[in-house]
Amino acid sequence: VTRHRIEDGVEKGITSTQGLIAQGRGEAFDYLLGERTIDSADAATRAAAAHLLLARHPVLSVNGNVAALCPGEMVDLAEAVGADLEVNLFGRTEQRVQAIVEHLRDHGATGVKGLAADARIPNLSHERAKVDADGIYDADVVLVPLEDGDRAEALGAMNKTEIVIDLNPLSRSARVAAVPIIDNIIRAVPNVARHARELRESGADLEAIVEAFDAEATLADAEQVIRSSSAD
Ligand code: PTJ
């Protein structure tokens with residue numbers, strides 16, 4: 001099913017051909033993780049939900065793979081935590097940004113950012129650095145799923161709290177994240193939204209959840225599960 005979504009994404013001009021390679025990489029890691037949400041990833045999604053709820057201005061970054069795989073789930077998460085959605089592409093073309101904005105609108109999004117591109121992430125090459133001044137540039141907490149390492153590092157250098165969803169615990173983006181979620185985006189995004197709603201309803205101590213989270217232990221646990229390819 002996910003492969004067909006990515007194929008459709010390429011056909012509709014939403015997903016890049018590089019996105020096909022990223023999908024294959026992701027599938028390999030998901031297979032090694034047992035195609036399930038391991039306990040440490042679930043704890044990370046809960047910490048991510050706490051960060052997003054505490055944020056002054058949370059933004060969820062959407063690329064061509066994310067738009068093809070889980071557009072409705074991203075719209076729902078944005079609603080659950082009061083975040084903006086912003087299209088931010090590695091291989092940016094105005095046409096592809098427009099196609100993704102329209103695709104997200106078809107899935108219920110209003111006010112998707114990314115078209116203005118009136119600010120720049122410092123220390124990144126021109127096209128990839130384009131962001132909205134009142135979007136990612138202004139955000140304090142950014143969700144950057146299926147991300148390339150350079151941009152993740154540059155966003156981190158802007159002192160933003162980064163939440164990364166990536167099936168590879170050794171990827172540079174996962175390693176620079178305040179909260180790395182080592183899980184398939186298809187499972188992780190609805191999971192973050194569910195945790196956010198539960199945390200809000202229960203009046204949980206969000207700061208304590210953020211404080212207690214250990215990114216290094218999360219990465220080490222996922223790596224250990226992959227290396228042993230056994231239950232966590
Ligand atoms: O749409 P664009 O132009 O912004 O380009 C997007 C891609 C994904 C092509 C670009 O960001 C890229 O090249 O990414 P990388 O460097 O291939 O990294 C993608 C990471 O996401 C890899 O570590 C994959 O293992 C991981 N990944 C792939 N599919 C999934 C995934 N992680 C979680 N869930 C998935 N379904």
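Values as computed for the structure displayed
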read-out	value
Whichever residue in region 34-62 is outside any helix (DSSP H, G or I) and over 14 Å from Gly135 (Cβ atoms) and, among such residues, is most open to solvent (accessible area, probe 1.4 Å)	Glu35
Number of the condition not met by Ala41 [criteria: (1) modelled with pLDDT of 95 or more; (2) within 8 Å of the ligand (Cβ to nearest atom)]	(2)
Residue list for region 169-184, restricted to those being in contact (Cβ under 8 Å) with a residue 24 or more places away in the chain and crowded, with 22+ Cβ neighbours inside 10 Å	Pro169, Ser173, Ala174, Ala177, Val179, Pro180, Ile181, Ile182, Asp183, Asn184
Scan of region 140-150 for residues that are on the phi < 0 side of the Ramachandran plot, surrounded by 23 or more Cβ atoms within 10 Å (Cβ to Cβ) and either within 11 Å of the chain's Cα centre (by Cα) or modelled with pLDDT under 95 (or both), ordered by number	Val142, Leu143, Val144, Glu147
Residues satisfying the stated conditions in region 11-25, i.e. in a helix (DSSP H, G or I) and either open to solvent by less than 20 Å² (accessible area, probe 1.4 Å) or free of Cβ contacts under 8 Å to residues at least 12 places away in the same chain (or both)	Glu11, Thr17, Gly19, Ile21, Gly24
For Phe90: the one exception among (1) open to solvent by less than 20 Å² (accessible area, probe 1.4 Å); (2) among the hydrophobic types (A, V, I, L, M, F, W, C); (3) modelled with pLDDT under 95	(1)
Condition met for Ala154 (more than 25 Å from Asp76 (Cβ to Cβ) and touching a Leu at 6+ places or on another chain (Cβ under 6 Å))	yes
Identity of the residue in region 168-185, part of a loop (DSSP other than H, G, I, E, B) and more than 8 Å from the ligand (Cβ to nearest atom), that ends up farthest from the chain's Cα centre (by Cα)	Leu170
Residues satisfying the stated conditions in region 109-130, i.e. open to solvent by less than 50 Å² (accessible area, probe 1.4 Å) and within 22 Å of Leu69 (Cβ to Cβ)	Ala109, Val112, Lys113, Gly114, Arg128
Residue within region 155-167 that is open to solvent by 10 Å² or more (accessible area, probe 1.4 Å), within 16 Å of the ligand (Cβ to nearest atom) and not in a helix (DSSP H, G or I) present	yes
Answer from Asp132, Asp148 - the residue that is within 13 Å of the ligand (Cβ to nearest atom) and in contact (Cβ under 8 Å) with a residue 40 or more places away in the chain	Asp148
Residue that is nearest to the ligand (Cβ to nearest atom), among those in region 44-91 that are of a type in the set (Asp, Glu) and over 25 Å from Arg120 (Cα atoms)	Glu73
Of residues in region 200-227 being part of a helix (DSSP H, G or I) and more than 19 Å from Ile181 (Cα to Cα), the one least open to solvent (accessible area, probe 1.4 Å)	Ser202
Qualifying positions in region 191-201 - over 11 Å from the mean Cα position of the chain (by Cα) and within 15 Å of Ile38 (Cα to Cα)	Asn191
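The values are calculated or read from the model by the stated rules, or taken from the named source; none is laboratory data. Since the model is a prediction, treat every value here as computed from it, not as a measurement. Backbone-built Cβ (ideal geometry, glycine too); neighbour counts: all protein chains shown. Heads up: the accessible areas ignore ligands, DNA and RNA and are worked out on the full protein's heavy atoms, side chains in. Shrake-Rupley method; radii C 1.70, N 1.55, O 1.52, S 1.80 Å.
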